[in-house]
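Written below as structure tokens is the structure these notes are about.
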Amino acid sequence: MFSTFSTGQVRHLNVGPKGNGICFGNSADHNGIRLNLRDKRDENVHHLNGISIAGISRCRTINGISISVLTLACKRSNGIIIGGLGVEPKNHNGIAVGGLYISGTKCNGIGIAGMSPYADTLNGVFAGLWGVMSLNKEDSIKVINGLAVGGMGVIASEMNGVSVAYFLNSFHKQKGVTIASINLTHELHGFQFGLINHAANNRRFLKWTPVFNFNLRKKTGT
């Protein structure tokens, strides 16, 4: 039932047979409950299935619930991940909560951050006290699909769904509804509600409007 392993930097005490049960330490693969102060490099920590609690967590795959006092980073996660400062899943499916931030390549589900969730692609419901961002670092399209709520702003190359912000919504292409003090988009297919609304693809007298703007045409205007 009790087994202690020490292989390179992977040291842990396991209560249970063959990587199942309760684990204390830096196990490479575990099913059950895992308690650890700090995970080593992600090439040493492979797969965690169940519940994981750590000070700083880094691993390849998480399935279940993972809580980190400071930061949590992984290549793929499915379930619930919580980081005191932030979570950094490359690909995540489920619920992500970061004290300050959520960052990654693709997040599917629900994301809540004290400052900002930001990723290449956000699918689902995302909220941040500062803002929600799908960053366009390269020429490829970066997208938000679903509902985004940002304190100061929501920014992305493409927005499909509903975006609500106190100050700014800014997109290259928007499909759906945006609500903010200022709404800006190069290509509008939907509705804008705010003090200042700009849709570059609208006809000349409708490019800038107060209170309300819309475009329901499939083709862009001139």
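Count the net charge of all other residues whose Cβ sits under 14 Å from the Cβ of residue 171, scoring Lys and Arg as +1 and Asp and Glu as -1.
+1
With a cut-off of 13 Å between beta carbons, the residues surrounding residue 94 carry a summed charge of +2, where Lys and Arg count +1 and Asp and Glu -1. Translational diffusion of the range 89-133, estimated by Stokes-Einstein from the Kirkwood radius over alpha carbon pairs at 20 °C in a medium of 1.002 mPa s, is 222 µm² per second.
Given the convex hull of the Cα atoms of the range 90-197, what is a quarter of its surface area in nm²?
Numbers: hull surface 22.0 nm².
That works out to 5.5 nm², a quarter of the Cα hull's surface.
Spatial offset of the range 203-217 relative to the range 67-133 amounts to 34 Å, using the alpha carbon center of each. Rg/Rh for the range 134-222 (Cα atoms only, Rh after Kirkwood) is 0.94.
Here, each number is a calculation from the coordinates, and none is a lab measurement. Only a predicted model underlies this, so the values are computations on that prediction, with no experimental measurement involved. Glycine also receives a Cβ, built like all others from the backbone with ideal geometry; neighbour counts cover every protein chain displayed.
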